[in-house]
């Protein structure tokens, strides 16, 4: 692994615990959404590093209320609760991926279903910080820009930090560095890569 990427990982906890991030200072009335974008080849490293970040937060700020949500796990839980998971497996097995995506379009409507479920599980009023991973695993069931657009009015000024396997240039999200996820300009880069 490159030392540059390791250096970026090691900056995350300090950024998360900064007063600027936790209080949304200096955002000029913008929402406190932050993206840690990284090359998809580092996905497994990031997954292993998130528990380290959580441990560091607990040790350095035991009073800080935070939650980590894996978006893919959240979707699985949602489908289980609605008794749709086993039927989804069967649909995919018998009719394929495209048929499954069409069938889940309604049940996984981000505006009406996924965003409210996310808010219900996170309970932003009880958190100081929210971490979100599993973005790549949840694609194409849920698209990042759609989720973020639908969470803007529900996060109650609580910072949301997204671990994003792709590129965010401040204007556009490109999942895996390839799939354009439409323009999204309301988030800030948590730890920008070196130029």
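Residue 121 falls short on exactly one of the conditions (1) surrounded by 16 or more Cβ atoms within 10 Å (Cβ to Cβ); (2) at pLDDT 90 or above; (3) in contact with a strand residue (DSSP E or B) (Cβ under 9 Å, 6 or more places away or on another chain); (4) not in a loop (DSSP other than H, G, I, E, B), and that condition is (1). Remark: pairs (first residue in segment 170-195, on the phi > 0 side of the Ramachandran plot; second residue modelled with pLDDT under 75; Cβ separation under 9 Å; 6+ apart in sequence or on different chains) = 170/185.
Where helices (runs of 4 or more DSSP H) sit wholly within segment 1-99, those with at least 1 residues that are within 27 Å of residue 128 (Cα to Cα) occupy 3-16, 19-22, 43-60, 71-81.
Checking each residue in segment 100-115 for being part of a helix (DSSP H, G or I) and touching a residue at least 24 places away in the same chain (Cβ under 8 Å) picks out 101, 104, 110, 111, 113, 114, 115. Checked against (1) over 18 Å from residue 138 (Cα atoms); (2) without any contact (Cβ under 8 Å) to a residue 60 or more places away in the chain, residue 24 passes all but a single condition, namely (2). When residue 174 is tested against (1) part of a loop (DSSP other than H, G, I, E, B); (2) within 18 Å of the chain's Cα centre (by Cα); (3) farther than 24 Å from residue 57 by Cα, exactly one condition is not met: (1). When residue 157 is tested against the conditions (1) touching a residue at least 60 places away in the same chain (Cβ under 8 Å); (2) within 24 Å of residue 54 (Cα to Cα); (3) under 12 Å from the mean Cα position of the chain (by Cα), the lone failure is (3). Taken over segment 21-59, residues that are more than 29 Å from residue 178 (Cα to Cα), at pLDDT 95 or above and loosely packed, with under 13 Cβ neighbours inside 10 Å amount to 3.
The values are calculated or read from the model by the stated rules, or taken from the named source; none is laboratory data. This structure is a prediction, so every number in the text was calculated from the model and none was measured. We place every Cβ from the backbone using ideal geometry, glycine too, and count neighbours over all the protein chains shown.
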